[in-house]
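Step one of this worksheet: look at the structure below.
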Amino acid sequence: MSAILIASVEELFAHALTMLSDAGECYEQLADQMEIANNPEVSKIFRWLAEKQQQRTRYIEALAGDAQLPHISPWDHHWEHGLNPQAPDTDVTHYMMTPYHALAMAAAAERSAAAYFKQLTDADAQADLCRLAAEFSATAADFAVVLEQRLSEQPAPEQDWDKDHDPPVVLE
Amino acid sequence: MERAETSPSLKARDYKSGLKPVWCPGCGDFSVLQAVTKALAELALAPEDVALVSGIGCSSRLPAYLDVYGFHAVHGRALPVATGLKISRPELTVLAAGGDGDGFSIGGNHFMHACRRNVDMTYIVMDNQVYGMTKGQASPTTDPEWDKSKLTPDGTQISAYYPLVIALASGANFIARASSSDPNGAAKVIVDAIRHPGFSFVHMLSPCVTFRPEQRLWKKSVHPAPVAATKDPAVAARRLMTDDNFYLGTLYEGSRKPYQPELIASVDLPSELEAGFLL
């Protein structure tokens, strides 16, 4: 992972803000998808997740204050395979997905974000950068715990959860 | 749309319209929408200076979801409409978009001639190797063995269309492939395509999770091209001989002069206008 290339607090703020705002937009989009697909229960969870990410974005914006943050092109961020570690892996997105899937998806994303920031604290970096990265890592880890708690309250999906009794079929 | 006095710093989300996409959850086109908005933001283009023209199909709904000028054309005809627009309004950044059926079958002839004509615009084809909107028939890029459609129970038994080869042979000035599984990488390719003069073709792998659910695994198959883009069409042609359909990045950056006839104030007869298109 190339996160250790982050060399300044400003660069770390820029990364964290992109991670959160992209993740928030992704959850917003997933909420819309589920709304369109008439899956309101899961849509509500994604909407809540989007709001959480927006709250955290506002918090970090306030924390950054007047700092001059660098512009980083979407493809120039220092994260593995060019993929935002805080963005949910939408591979399991399905119109019949359950709250369990949505929460598991979000918990995995938060764990991934926590690990990403954690490695910065392990690196031989500036003290203030390490301190900030540790805070971001702890916030993501704490939120992962919240999500895992909610996940534990959900029934595990049936084996054939995606079986549609009126499936989309290829045209005869 | 009123023209902005100054070009404000817009974020990717500012290029989205308020309309919620009706694509199937998990569709690759969501990421393509994201990539296009990121590219427009990166280029700091004013929305009123951008036009997106599409054909018909799932992916051709793209203009509705963007807050730039849009035109949802008839099936397979995005490119002639986009060509006319760019020639009459050369100051606009013109994009065309659609799917593999729209672009390579119904609009196949337009694709070849748009490559050949080399008007300065960018064509993004979201390829999922199936007609999704009409419920899952084989398209030009479908593997010959794909037998899930009842129209082709033994597969199509004919070779798949190979868009990069056709684009190169027909004279496209910029040829690249991107994947919806990497929206940031796709945004970079789209930025490069828009910046490059002439006709730019972006082959965008974008899974159909409903009729080709196996395409969810494409994200594990894609990989960056091992070499940088070439300016030599002969080198590009040789590279295509070993292309596995999953190499991502820019293949070819040509240097042909874009076609842009001089604007004429008015014409009396349509034939006078048509004369400007004769090559």
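Any chance you could count how many residues in the stretch B:257-277 are out of contact with any strand residue (DSSP E or B) (no Cβ under 9 Å at 6 or more places or on another chain) and closer than 21 Å to B:ARG116 by Cα? So the answer is 10. Could you say which residue among A:GLU41, A:GLU35 is within 13 Å of another protein chain (Cβ to nearest Cβ) and surrounded by fewer than 19 Cβ atoms within 10 Å (Cβ to Cβ)? Going through A:GLU41, A:GLU35 in turn, just one is within 13 Å of another protein chain (Cβ to nearest Cβ) and surrounded by fewer than 19 Cβ atoms within 10 Å (Cβ to Cβ): A:GLU35.
Counting only residues that are assigned to a helix (DSSP H, G or I) and either surrounded by fewer than 22 Cβ atoms within 10 Å (Cβ to Cβ) or small (Gly, Ala, Ser) (or both), the stretch B:64-89 holds 9 of them.
With respect to A:ASP164, determine if the residue is within 14 Å of chain B (Cβ to nearest Cβ), at pLDDT below 90 and part of a helix (DSSP H, G or I).
Details: within 14 Å of chain B (Cβ to nearest Cβ): yes; at pLDDT below 90: yes; part of a helix (DSSP H, G or I): no.
The answer is no for A:ASP164.
Scanning the stretch B:91-100 for any residue that is without any contact (Cβ under 8 Å) to a residue 24 or more places away in the chain, closer than 19 Å to B:ALA193 by Cβ, out of contact with any Phe, Trp or Tyr (no Cβ under 6 Å at 6 or more places or on another chain) and not in a helix (DSSP H, G or I) turns up nothing.
In this structure, is B:VAL202 part of a loop (DSSP other than H, G, I, E, B) and of a type in the set (A, V, I, L, M)?
Working: part of a loop (DSSP other than H, G, I, E, B): no; of a type in the set (A, V, I, L, M): yes.
Taking the combined requirement at face value, the residue does not satisfy it.
Restricting the stretch B:246-279 to residues that are surrounded by fewer than 16 Cβ atoms within 10 Å (Cβ to Cβ) and among the polar types (S, T, N, Q) leaves a set whose member that is modelled with the lowest pLDDT is B:SER266.
For the list (1) in contact (Cβ under 8 Å) with a residue 60 or more places away in the chain; (2) crowded, with 20+ Cβ neighbours inside 10 Å, I need the number of the one condition that A:PRO70 fails. All conditions are met except number (2). Residues in the stretch B:113-155 that are farther than 13 Å from B:GLY103 by Cα, in a loop (DSSP other than H, G, I, E, B) and more than 14 Å from every other protein chain (Cβ to nearest Cβ): B:ASN118, B:VAL119, B:ASP120, B:ASP143, B:PRO144, B:GLU145, B:ASP154.
Yes or no, residue by residue, for (1) of a type in the set (Ser, Thr, Tyr); (2) touching a residue at least 60 places away in the same chain (Cβ under 8 Å):
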site: B:TYR15; (1), (2): yes, no
site: B:ALA35; (1), (2): no, yes
site: B:LEU43; (1), (2): no, yes
site: B:VAL50; (1), (2): no, no
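Taking the conditions (1) touching a Leu at 6+ places or on another chain (Cβ under 7 Å); (2) at pLDDT below 95 in turn, A:LEU147 satisfies each one other than (2). When restricted to residues that are within 13 Å of another protein chain (Cβ to nearest Cβ) and not in a helix (DSSP H, G or I), the stretch B:156-197 contains 5.
Within the stretch B:20-40, can you find the residues that are surrounded by 20 or more Cβ atoms within 10 Å (Cβ to Cβ), within 11 Å of chain A (Cβ to nearest Cβ) and among the aliphatic types (A, V, I, L, M)?
Of the residues in the stretch B:20-40, the ones surrounded by 20 or more Cβ atoms within 10 Å (Cβ to Cβ) are B:21, B:23-40.
Filter once more, keeping what is within 11 Å of chain A (Cβ to nearest Cβ): B:21, B:23-28, B:30-31, B:33-35, B:37-39.
Matches in the stretch B:20-40: B:LEU33, B:ALA35, B:ALA39.
The conditions of being under 14 Å from the mean Cα position of the chain (by Cα) and without any contact (Cβ under 8 Å) to a residue 60 or more places away in the chain are met by B:MET112.
Of A:ALA104, A:ALA109, all but one fail to be within 25 Å of B:GLU214 (Cα to Cα) and crowded, with 22+ Cβ neighbours inside 10 Å; the exception is A:ALA109.
Pick from the stretch B:198-208 the residues that are of a type in the set (Gly, Ala, Ser) and within 19 Å of B:SER60 (Cβ to Cβ): which of them is nearest to the other protein chains (Cβ to nearest Cβ)? Walk me through it before giving the result.
Of the stretch B:198-208, the ones of a type in the set (Gly, Ala, Ser) are B:198, B:200, B:206.
From what is left, the residues that are within 19 Å of B:SER60 (Cβ to Cβ) are B:200, B:206.
Details: B:SER200: 17, B:SER206: 13 Å.
Per the criteria, the residue is B:SER206.
Filter the stretch A:10-53 for residues that are in contact (Cβ under 8 Å) with a residue 60 or more places away in the chain and of a type in the set (S, T, N, Q) and give the result. Hits for the stretch A:10-53 are A:THR18, A:GLN33.
Give me a count of the residues in the stretch A:79-97 that are away from chain B (no Cβ under 13 Å) and surrounded by fewer than 22 Cβ atoms within 10 Å (Cβ to Cβ). Steps first, please.
Taking the stretch A:79-97 and keeping what is away from chain B (no Cβ under 13 Å), we get A:86.
Checking which are surrounded by fewer than 22 Cβ atoms within 10 Å (Cβ to Cβ) leaves us with none.
Qualifying residue count, the stretch A:79-97: 0.
Only one of the numbered conditions (1) within 30 Å of B:THR210 (Cα to Cα); (2) away from chain B (no Cβ under 12 Å); (3) buried (at least 22 other Cβ atoms within 10 Å of the Cβ) is violated by A:PHE46, and that is (2). Among the conditions (1) within 13 Å of chain B (Cβ to nearest Cβ); (2) within 26 Å of A:HIS94 (Cα to Cα), A:ILE72 misses just one, which is (2).
The values are calculated or read from the model by the stated rules, or taken from the named source; none is laboratory data. Every value quoted in this text rests on a predicted model; they were computed, and no experiment measured them. Note that each Cβ is placed from the backbone with ideal geometry, even for glycine, and that neighbours are counted across all protein chains shown.
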